Structure formats: C-alpha cells, structure tokens
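Undergrad: Below is a structure I'd like to ask you about.
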Amino acid sequence: MKIRPLHDRVVVRRMEEETTTPGGIVLPGSAKEKPQQGEVVAIGEGRFVDGQLRPLSVKAGDKVIFGSYAGSTIKIDGEELLILNESEIFGVLEG
Amino acid sequence: MKIRPLHDRVVVRRMEEETTTPGGIVLPGSAKEKPQQGEVVAIGEGRFVDGQLRPLSVKAGDKVIFGSYAGSTIKIDGEELLILNESEIFGVLEG
Amino acid sequence: MKIRPLHDRVVVRRMEEETTTPGGIVLPGSAKEKPQQGEVVAIGEGRFVDGQLRPLSVKAGDKVIFGSYAGSTIKIDGEELLILNESEIFGVLEG
Amino acid sequence: MKIRPLHDRVVVRRMEEETTTPGGIVLPGSAKEKPQQGEVVAIGEGRFVDGQLRPLSVKAGDKVIFGSYAGSTIKIDGEELLILNESEIFGVLEG
Amino acid sequence: MKIRPLHDRVVVRRMEEETTTPGGIVLPGSAKEKPQQGEVVAIGEGRFVDGQLRPLSVKAGDKVIFGSYAGSTIKIDGEELLILNESEIFGVLEG
Amino acid sequence: MKIRPLHDRVVVRRMEEETTTPGGIVLPGSAKEKPQQGEVVAIGEGRFVDGQLRPLSVKAGDKVIFGSYAGSTIKIDGEELLILNESEIFGVLEG
Amino acid sequence: MKIRPLHDRVVVRRMEEETTTPGGIVLPGSAKEKPQQGEVVAIGEGRFVDGQLRPLSVKAGDKVIFGSYAGSTIKIDGEELLILNESEIFGVLEG
C-alpha cells in the first residue's frame, strides 16, 4: 500500500537512530533523541500560490532535515512514517 | 438520508478498528486507538482560491489518512461519520 | 417579525430533540444533547471574495448539519433561533 | 452632539429592557439580561475591500440584532450608546 | 517640539476629566474614569491599501472618541499625549 | 563595525535617560524609566508591498518615539543599540 | 555533507563566545550568554511574493545578527548549526 500525499505534504521515513553513544554506551529506547533526519518517500503535487500551482522543492529519495517535533506520525502497513508540510522541512542534505 | 458537504468539506467513514492485538489480546473499547483511516463518502464542490473554484483532490471511495483528532463526528441515520476539511487529510492510500 | 441576516450569516431553527432514548427512558432537559441539525430560516446576501459577491451555498428550507457549539442563540418573537456563519455549516442533508 | 463613526463602525441605541418577567415579577437591574437588539443611530462610510469602497448593509433607523458581548459602550451627552463593527451585527429585524 | 506620526497613527490630547460628580462630590485622581474623548493633534500620512495610499479619515482639531484602553501614552515636552492607530478611533464628535 | 538592517528594520540609539528627577533626587539605575526616544542610526532598504519596494518613512538622524517594550537590544562593538521594525515606531520628533 | 536550505531559510554558524569577561573572569559554560552573531553558511533560493521569486538579502559569508532565541539548532556531521528564517535576521554586520 502506498500513500499519495495531498498538496504540499511530504511523507518521510525517519533515519535509524544511533543506539550507541560515541563512548560506547548502549542507549535504551527512551533516552534516545528522535532523529531530525529522514528520507522523502512521497510528495504532494504542490500548492496554489497567486493562482499558479507551485511544485514542491523536495523529491522522493531526498535526505531532509526538520524540527524535532515536526509532523504527524502515521502507520502504513505497520511501518511508522512521518507526514510533514513542506514548510516544516529546513533543508536537503547533499553530498 | 445523504449529506452534501459544503465547500472544501469531506465526509469520511472511519475504518473498523482492530479489536484484537497482534498477540491475540482482545481490546476493550476504551483501550483502542481511534483509526486514522477512512473511506470518503461525499465531498464538497471545492473552494474559491484567487477567484477560481478549485475542486477537491479526493473523491468518493478514496481511502484517506488523517490525524487522530481531526474533524467533527456527526450522526446521519444513526451512523457515526466524520466531517473533515480537505486540509486535514494527509493523503490518499493507493494500491 | 423577520430577520434579514447580513453577509454570510444563516438563521437556523434547531430540530426538535428526542426526549426519549431508544430504550424508552424519558430524558430531562439537561441530559439531552443539543441537536446538530436544523432548518434554514433565512440567509444573507453572500460575501465579497476577490471583488465578487458570492451567494451562499444553502437556501431557506435546507436541512443543515453543524457543530454542537456553533453559532449564537438569538430570540425573535420569543422563539429561540440559531445564527451561524455559513462556514460553520458542515453540509446539507438530502433525500 | 453627534458622532460620525469611522469606516465600518455602527452606532446603536440598545432597546429598552423588559423590567417585568412574563409572570409579573419586577427584575432588579443586575438580574436583567442585556438586550441584544437596538436601533442604528449612525453608520460609517464603509470599508475598502479589493480597492473599492463598500458601503455598509445597515442604515440609520434599522433595528439590528447582535451578540450579548458585542461592541463597546460610549457616552455621548450622557446617553449610553453602543459602537459595533458591522461584522458584529447578525442581521436586521423587519416587519 | 512636534511629533509627525507615521502611517496610520494619530496623536490625541485627552480631554480634561470631570473632577466633580453630578452630585457635587470631588473625585480623587484614582477614582476618575479615564476620558474616552480627545482632540486630534497630528495625523500620519495614511496607509497603503491595495497599492494606493489612503489618507486618514480624521484631521487635526477633530474631537474623537475611542476605547478606554486604546493607544499608548507618550510624553512630548512633559505633556502626556496618546498615540493611536486610526482603527482604534470609533468616530468623530460633531456639532 | 556597522550594521545594515534588513527590510523594514531600523537601528536606534536610545537617548540618555534623566538621572535626576525634577525635584533634584538622583535616581538609581533600576528606578529609571527606559526612555522611549532615540536617534535612528541605520535603516533597512524597505519592504515589498503589493509587488513594489516601499522605502521606510524614517531616515538616519531622525529622532523617533516608540513604545517602552518595543524592539530587541543588540550589542555592536560594546554599544547597546535597539533594533525595531518600522511599524513599532510611533512617529518622528521635529523642531 | 552540506545542507541546501529551502525557500527563505538561512543556515548560520554561531560565532565563538567570549569565555573571559572584560575583568578577566573565566565564565563557565552555563553562565555564558549565547552569542547573537554568526556567519551565513548557506541560503535558500528565496520566496514567492506576489507571484515573483524574491532572492534573499543575505549571502554565504555574511556576518549576521539575530535574536537570542531565534531559529532551531541542527546537527550536520556533528557540528551544531542554526537554521533561521531570513525574517529572524536583524541585519548584516559590515566593515
């Protein structure tokens, strides 16, 4: 099953969190900071601004960075995904 | 009796909730998470943006996903339905 | 005495509440849920959007559905009526 | 002394309150509900919307209905009047 | 020293408060209601609305009426004046 | 080091506060009211409104008056300056 | 790894804080005020305003000044950076 996001929404898969600190301590689930990075899975068709459809500035496969509390968590086929407005995405990681 | 939603409103029938956990435990009503998915029953005629009527991006029969607290519950002929603004719908489930 | 609502306002007469539960218990006034349905009594002339007067999407006689806390109660000739903005009306009941 | 309201403001004289209940009990001042009706005394010249001056939809002499807490009370020559934005007026009573 | 208000701002000198009640009681400073009336001392050049500069609807010398808590108090050469947005002025007293 | 404010921002140097009351009492720092006046040090290039760049209505050297809590304090080369939006400036003192 | 900020976002590297007071006292980490200055690392492509893309008014390498609580902290390759909207930047330091 796939999701087609509406308008300026973006579906993101959070990146795996480091479960070991630089000093080698294994972190239990609740002590881990939620990663602020993820990979774009699907994007909406864009938004109408001043009468024109503006496509989004990210695309599927982009690695994006966003705020810790951005978006809503949804479940598709048991997998947790994040759904964001494009305006909640800070930028795209490159290189 | 049918409802004709106004403007950018969408009437959705929530999907049935799983009443059994993956481990086989039967959940009582209050412990069940409200499903975030539903089927579109009826849509409004769209919204005027910059002087043009824009039809909605969902249609009757679409399976949609939305936030846990989105919309208002209404009762039509005894059946509980959800009425949402299209902007509260995250996306359409496909395939 | 009649009321001519201004702009996008709609005057609605709430439908009579069921005072008996399906099981036959007569409900006292305070235990009754306010009905979310009513009949349109009068409508405003519409609203200016992008320089054009847009008439409302409901008309006198329509059965409409709205949120439990929508609108303000007014009294005309001793009768309680509800005055709503059209945007507070979810949809029109048909058939 | 007269007041010329600016823009979309409307000066209203509240209607006299009933000081006797239907059952004949005389109500002291503090138990009386503020009347939601009044007569328009003066109106502003209108508001600029999309570059055009739109005159108001009420005129001096109209009996109008508004919310219990709408507007600000002003005193002109010792008389208490209410000053409202036209958007706080629900409608005009006719007939 | 004079003040040239910017844009849609208006400088107002509050009218002198009555320090004696109709019954002849002299009111101490703290029991006096702040007067809601004043005289316009200076006005801004207007505001750009839809690409056009709209001059204000009040002029120096006008007696205006405003809300009790409107505006900010400023001191020019030791005199207390009130600075308001034109939108905080209810109307102009005439005659 | 100089600051070039962006858009509609204005850099202001607060005027020196009176440290002696009219009666000759020397005020300690914490009892002094922050002066609401200052001199414009630098201005931004203006703001786009309806597709046109509108330059600001104040210029370097102007004595301006503003609210007690307006703006943010910044430090440039050890000197405390105030940075305001032009909309926080009430007016220009002249003569 | 580099970040390409979206729209009107700006990535800034905070300037090093003074860890010694003018009087020679070494400040521990928690007593140090967060510096309000930083260097622009990357900028977004601009924002659509009235149908036109407006590029930003800062560029990579600019020394900028901003409010103490502006922006969100992100981590790229272990380095803490600040991501701001251009509107949170007060101005550019020059000379």
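The values are calculated or read from the model by the stated rules, or taken from the named source; none is laboratory data. Treat the numbers as computed from the prediction; the structure is a model and nothing was measured. Cβ atoms come from the backbone with ideal geometry, glycine included; neighbour counts cover every protein chain shown. SASA here: full protein model, heavy atoms, side chains in, ligands and nucleic acids out. Shrake-Rupley method; radii C 1.70, N 1.55, O 1.52, S 1.80 Å.
Undergrad: Looking at A:Ile83, A:Ile65, A:Ile76, which is the one that is surrounded by fewer than 20 Cβ atoms within 10 Å (Cβ to Cβ) and either at negative phi or within 10 Å of another protein chain (Cβ to nearest Cβ) (or both)?
TA: Matching residue, one of A:Ile83, A:Ile65, A:Ile76: A:Ile76.
Undergrad: Could you please find all residues in the range E:22-65 being modelled with pLDDT under 95 and either under 14 Å from the mean Cα position of the chain (by Cα) or part of a strand (DSSP E or B) (or both)?
TA: The answer is E:Val26, E:Lys34, E:Pro35, E:Gln36, E:Gln37, E:Arg47, E:Phe48, E:Val49, E:Gln52, E:Leu53, E:Arg54.
Undergrad: Please go through (1) at positive phi; (2) surrounded by fewer than 20 Cβ atoms within 10 Å (Cβ to Cβ); (3) without any contact (Cβ under 8 Å) to a residue 60 or more places away in the chain for B:Gly71 and return the number of the only condition it doesn't satisfy.
TA: Unmet for B:Gly71, out of (1) at positive phi; (2) surrounded by fewer than 20 Cβ atoms within 10 Å (Cβ to Cβ); (3) without any contact (Cβ under 8 Å) to a residue 60 or more places away in the chain: (2).
Undergrad: Taking only the range E:74-91 into account, find how many residues are free of Cβ contacts under 8 Å to residues at least 12 places away in the same chain and assigned to a loop (DSSP other than H, G, I, E, B).
TA: Matching residues across the range E:74-91 total 1.
Undergrad: Out of (1) out of contact with any helix residue (DSSP H, G or I) (no Cβ under 9 Å at 6 or more places or on another chain); (2) among the aliphatic types (A, V, I, L, M); (3) under 17 Å from A:Val92 (Cβ atoms); (4) open to solvent by 20 Å² or more (accessible area, probe 1.4 Å), the odd one out for G:Leu56 is which?
TA: Single failed check for G:Leu56: (1).
Undergrad: I need the full set of residues from the range A:34-53 which are touching a residue at least 12 places away in the same chain (Cβ under 8 Å) and either open to solvent by less than 60 Å² (accessible area, probe 1.4 Å) or under 26 Å from G:Gly51 (Cα atoms) (or both), in order please.
TA: A:Pro35, A:Gln36, A:Gln37, A:Gly38, A:Val40, A:Val41, A:Ala42, A:Ile43, A:Gly44, A:Glu45, A:Gly46, A:Arg47
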